[in-house]
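Student: Structure provided below as structure tokens; questions to follow.
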Amino acid sequence: MNIASVIVDVPTMQTDRPFDYLIPEKWSQMIQPGMRVIVPFGSRNVQGYVVKVKDHSSFPQLKAIREPMDVVPVLNQELMDLADWLTKTTLCFKVSAYQAMLPAAMKAKYEKRFAAVNEEKIADEKVAELFKKKKEITWEEGEKAGLLTSIQKEVKAGTVELIYKVKSKGNKKTVRMIGTRLSAEELSEAASRLKGNAVKQKRLIDVFKQHPGEMISAKELLENANSTSSSLQALIQKGILYEEQKEVYRDPYAQTDFEKTSPFPLTDEQRKAISPIIEALEEEKHETFLLYGVTGSGKTEIYLQSIQKVLEKGKEAIVLVPEISLTPQMVHRFKSRFGDDVAVLHSGLSIGEKYDEWRKILKKEAKVVVGARSAIFAPFENIGIIIIDEEHETSYKQEETPRYHARDVAIKRAQHFNCPVILGSATPSLESFARAQKGVYHLLTLKNRMNHRDLPEVEIVDMREELRAGNRSIFSRSLFEKLKDRVEKGEQTVLLLNRRGHSSFVMCRDCGYVVQCPHCDISLTYHHFSNEMKCHYCGYETIAPSVCPECGSPYIRYFGTGTQKVEEELGKLLPEARVIRMDVDTTRKKGAHETLLRQFSEGKADILLGTQMIAKGLDFPNITLVGVLSADTMLHLPDFRSSEKTFQLLTQVSGRAGRHELQGEVVVQTYTPEHYSIQLAGQQNFERFYQREMIMRKLGSYPPFYYLALVNVSHEDPLVAASVTEKITKFIRSRLSNKTVVLGPTASPIPRINNRYRYQCLIKYKHEPMLSDTLKSILEQYNGQGSYSHLQIAVDINPFVMM
DNA sequence: AGCACGCCGACT
DNA sequence: GTCGGCGTGCTC
């Protein structure tokens, strides 16, 4: 057993298979599947994942593993199998699947360095001088000195060596701990031998006399003893004290106090909903529950009590929350109930913090993980339940490879562990609700709010009427009246500006010219802060024009109401109102979210103004008014889910009002008040919406009636892109059943990105066993190199974004 | 992905 | 003649 099969960190079609390596004698006992190793690959060193240890290879000339990167496997067998499944279902590379399962800190970084091996013989003077100061320089340093070609000549001559280094991003954080091996008496004696003026050293010894046998961090010690590090160093030198590096976790929640909570008594309705879950837990059987409960109906308490049960059985729980940093309240509730058993994984943490939380899970120091999408891969080995809150959220679908949906992964893992999955939502996705209707999922319903308050009253305002009545403001008369009233009464308001699909573009009011990206077929987005125009797709930047480049008119300005503009407007109309603005600009800094929300909850503002990010999870007692400024902006996007998204957003945001003692009110402003998703969101009638939307989906042959797969082809030459897509589409048609709908080739909604022309083929199918093989052979044929080397093909099975 | 190898056009 | 462009194929 001295050969390891390794998947190397080279994400291409032709390297997406194991390569065999010899395991050097000294590591023969320790190398196991699931460990990362550094291996030579071609002329460089790369990171690799051991998938198998064996004693035979058909390859005659094996190279040896350079170095192990782990002492224990970072991926267990279950996760390795899960990676295989991910590879098959999403058509991604093995490495990509492994990398998706591990914290970003474990992704390798590569560095090229030059080292002088024979300094005297270096021919080029400039190069020799460079290596006089340092024996080793990085590639970048060589480049900066402008000597790359000369250095490369020296490499050929053998005087300089090119080294490929694999570096890990993850650093364990350590703390210096100080202790003593001496007894109290010995310490006193040692202290008496010190010079009389060594008071600082004596004070240090005193600390250990009071706490014999304990270790204390150097920082704390110096503070307690009011001493200095040089005194400490002296004592260590003398052998009186000793130091040790202790590994510590960075704890992002260290500053926060969590008041312990106990389970709340459940309402009848909640008790009825939780009992099938408890039953599944007891019987250790896999079942997927759809917990459909109106906003404020107490879904979280059901999660908490189910987890309680799981922990009592000595098992672990995964809770997924959409972009969790948005809901510090949620984290708070889990931490308060389960204390240090909870690990938190979300995008707001630094790479190091995420790495630490992940290691807590691996070392079994955490039993519950609360996190965003990728937390579904938490390396637990005895999962008792998986919960996905706000199940309908699109952020559970990853839009880069591996293009997985966390819901699918959850069900796959739960099947392995024979445990239940709970999908919770007030506005379930059509897919999930349809499955619940068919009995594939077990439907659990919570119809009543916990406070027995009615759902808030929703008023839909037709903005066209407002315009006709001469009101050109952003606010309808009704919303403005109510806003004024709340500010006077000291109650709080949430204002949602739905800006998706309607980004701020710059247009000339004289000739209609819109500033576009020169490399992509998309209008540039205006950034007020820097007065720049930026392309979201390729990163192109330019200064915003002050006159129209087309006709020279000075009447060129940006369109699309931004939060900033609304804030200005509020300042004019209601100068006494205190406003907190939450959007990408004001929440970019780490922790900004929490700070702004805390200020709002402490009543330091009357109005919380923001984009989608404020729609979810806020639970403040004093909110009695919710205003949606433009409900229909995303209704007109070329996306079959736009009605569903609109309905969900409006329902979710309405749910923010009147969650406690005070009754809430909602005003929805729109230009299409007759649209069913707005009407039914106004009535908070999910069932009706579901029926209505299902008809639309059936007519369009969309999910949940059909599954989708999208093939996206891009090339710098539009003719090549079109003709290849044509070929691919024909090929797909020939291979799939005639019940499957194959659409295309068509130009993508964004026909050009970064000067690459994009065409696509959309497949709608119900049952298509050949699909995966067909798509895979397309990838193999075209995505490899050869005559199609400039072609890029991306396959998305069950896409959420059709761009 | 990188990198070497090999084949063609533009220079000292 | 050679330097360097890019197209092609390989990495245990």
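The values are calculated or read from the model by the stated rules, or taken from the named source; none is laboratory data. This is a predicted model, so every value here is computed, not measured. Heads up, the Cβs are rebuilt from the backbone with ideal geometry, glycines too, and the neighbour counts pull from every protein chain shown. These area figures cover heavy atoms from the full protein model, side chains too; ligands, DNA and RNA do not enter into them. Shrake-Rupley method; radii C 1.70, N 1.55, O 1.52, S 1.80 Å.
Student: Mind giving me the nanometre distance, one decimal, between the label points for A:Ala198 and A:Asn226, set 7 Å out from Cα along Cα→Cβ?
Tutor: 2.1 nm
Student: Once you list every other residue whose beta carbon is under 11 Å from the beta carbon of A:Asn798, what net charge do they have if Lys and Arg are +1 and Asp and Glu are -1? Display every interim value, and only then the final one.
Tutor: Details: positive: A:Lys397, A:Arg403, A:Arg407; negative: A:Asp408, A:Glu431, A:Asp796.
That works out to 0.
Student: Need one number: % antiparallel among DSSP beta bridges in chain A, to the nearest 5. Mind showing how you got there, number by number?
Tutor: Working: 73 of 125 bridges.
Here the share of antiparallel DSSP bridges comes out near 60 percent.
Student: Show me the ranking of peptides A:642-649, A:227-234 by mean Cβ neighbours inside 10 Å, starting with the highest.
Tutor: Details: A:642-649: 23.1, A:227-234: 15.5.
Top to bottom by mean Cβ count within 10 Å: A:642-649, A:227-234.
Student: Okay, next question. With a 1.4 Å probe and every protein chain left in place, work out the accessible area per residue of chain A in Å², rounded to a whole number. Don't skip to the end; give the middle numbers.
Tutor: Numbers: 37740 Å² over 803 residues.
Using a 1.4 Å probe on heavy atoms only, each residue of chain A averages 47 Å².
Student: Name the residue farthest towards the positive end of the dipole of chain A from the options A:Leu625, A:Gln599, A:Gln210, assuming +1 on Cβ of Lys and Arg, -1 on Cβ of Asp and Glu, about the Cα centre.
Tutor: Result: A:Gln210, furthest along the dipole toward the positive end.
Student: Pairs A:Lys94/A:Lys354; A:Lys360/A:Lys412; A:Lys246/A:Lys360; A:Lys109/A:Lys727: which are spaced more than 27 Å apart, C-alpha to C-alpha? Could you put the intermediate results ahead of the total?
Tutor: Values: A:Lys94/A:Lys354 23 Å; A:Lys360/A:Lys412 24 Å; A:Lys246/A:Lys360 15 Å; A:Lys109/A:Lys727 38 Å.
From the list (A:Lys94/A:Lys354; A:Lys360/A:Lys412; A:Lys246/A:Lys360; A:Lys109/A:Lys727), the Cα-Cα distance tops 27 Å for A:Lys109/A:Lys727.
Student: Determine the calculated [θ] at 222 nm for chain A from helices alone, applying -39500 (n - 2.57) to every DSSP H run no shorter than 4 residues and normalising by the residue count; nearest 500 deg cm²/dmol. Numbers along the way, then the final one.
Tutor: Values: 24 runs with 265 residues, N = 803.
Estimated from H runs of four or more residues: -10000 deg cm²/dmol.
Student: Of all accessible surface on chain A at a 1.4 Å probe, what whole percent is carbon and sulfur? Don't skip to the answer; put the middle values down first.
Tutor: On the way: 18760 of 37740 Å².
Solvent-exposed carbon and sulfur of chain A make up 50 percent of the total.
Student: Here is a further query. Considering only the other residues whose Cβ falls under 13 Å of the Cβ of A:Leu194, what net charge follows from Lys and Arg at +1 and Asp and Glu at -1? Present the calculation step by step, with values, prior to reporting the outcome.
Tutor: Details: positive: A:Arg193, A:Lys195, A:Lys200, A:Lys202, A:Arg203, A:Lys238; negative: A:Glu189, A:Asp206.
Charge balance near A:Leu194 sits at +4.
Student: Sort A:174-185, A:291-302 by the packing proxy (mean of other Cβ within 10 Å over each peptide's residues), most packed first.
Tutor: Working: A:174-185: 15.3, A:291-302: 23.2.
Going from most to least packed, we get A:291-302, A:174-185.
Student: Which are the unpartnered cysteines of chain A, meaning those with no other cysteine Cβ under 4.7 Å from their Cβ?
Tutor: So far as the 4.7 Å Cβ criterion goes, A:Cys92, A:Cys419, A:Cys538, A:Cys761 stand without a partner in chain A.
Student: Here's a follow-up. Need the list of lysines near A:Lys26 for cross-linking: C-alpha distance under 16 angstrom, and skip anything on the same chain fewer than eight residues off.
Tutor: A:Lys63
Student: Still on this structure, please answer the following. Between A:Arg472 and A:Lys698, how high is the FRET efficiency from 1/(1 + (r/R0)^6) when r is the Cβ-Cβ distance and R₀ = 35 Å? Nearest 0.05. Intermediate values should be presented prior to the final figure.
Tutor: Working: r = 41 Å, r/R0 = 1.18.
It comes to 0.25.
Student: For region A:106-184 and region A:554-625, what is the separation of their C-alpha centers, rounded to whole Å?
Tutor: The two parts, judged by their Cα centres, are 49 Å apart.
Student: Now for a different question. Take peptides A:20-31, A:487-498 and line them up by average Cβ neighbours within 10 Å, highest first, as a rough protection proxy. Display every interim value, and only then the final one.
Tutor: On the way: A:20-31: 14.8, A:487-498: 20.6.
Answer by packing, highest mean first, reads A:487-498, A:20-31.
Student: Turning to a different aspect of this structure: Which one of A:Ala410, A:Pro103, A:Thr646 has its Cα pushed farthest toward the positive end of the charge dipole of chain A, where Lys and Arg give +1 and Asp and Glu give -1 at the Cβ?
Tutor: Of the listed residues, the answer is A:Pro103.
Student: Just to confirm my numbers, what's the Cα centroid distance between region A:703-758 and region A:361-399 in Å?
Tutor: Result: 34 Å between the Cα centres.
Student: Another one. Over chain A, what is the relative contact order in percent, taking alpha-carbon pairs closer than 8 angstrom and at least six residues apart? Write out the running numbers ahead of the final one.
Tutor: Values: 1485 pairs, mean separation 79.1, N = 803.
Reported relative contact order: 10 percent.
Student: Another question about this same structure. Which of the aspartates and glutamates could a cross-linker bridge to A:Lys167, judged by Cα under 15 Å and excluding same-chain residues fewer than eight apart?
Tutor: Once the sequence-local aspartates and glutamates are set aside, what remains near A:Lys167 is A:Asp9, A:Glu67, A:Asp70, A:Glu111.
Student: On to the next question. Residue separation times 0.36 nm, minus the C-alpha to C-alpha distance between A:Ala157 and A:His528: what's the value? Write down the numbers at each step before the final one.
Tutor: Working: separation 371, 0.36 × 371 = 133.56 nm, distance 5.51 nm.
Taking 0.36 nm per residue and subtracting the Cα distance, the gain is 128.0 nm.
Student: Another question, then. With the cut-off at 25 Å, tell me which of the pairs A:Lys172/A:Lys364; A:Lys438/A:Lys766; A:Lys364/A:Lys589 have Cα atoms farther apart than that. Each step should come with its number before you reach the end.
Tutor: On the way: A:Lys172/A:Lys364 17 Å; A:Lys438/A:Lys766 15 Å; A:Lys364/A:Lys589 32 Å.
Distance filter (> 25 Å) returns A:Lys364/A:Lys589.
Student: Which of the lysines could a cross-linker bridge to A:Lys153, judged by Cα under 21 Å and excluding same-chain residues fewer than eight apart?
Tutor: A:Lys112, A:Lys121, A:Lys126, A:Lys132, A:Lys133, A:Lys134, A:Lys135, A:Lys144, A:Lys165
Student: Can you pull the accessible area of A:Cys535 for me, 1.4 Å probe, Å² to the nearest 10?
Tutor: 10 Å²
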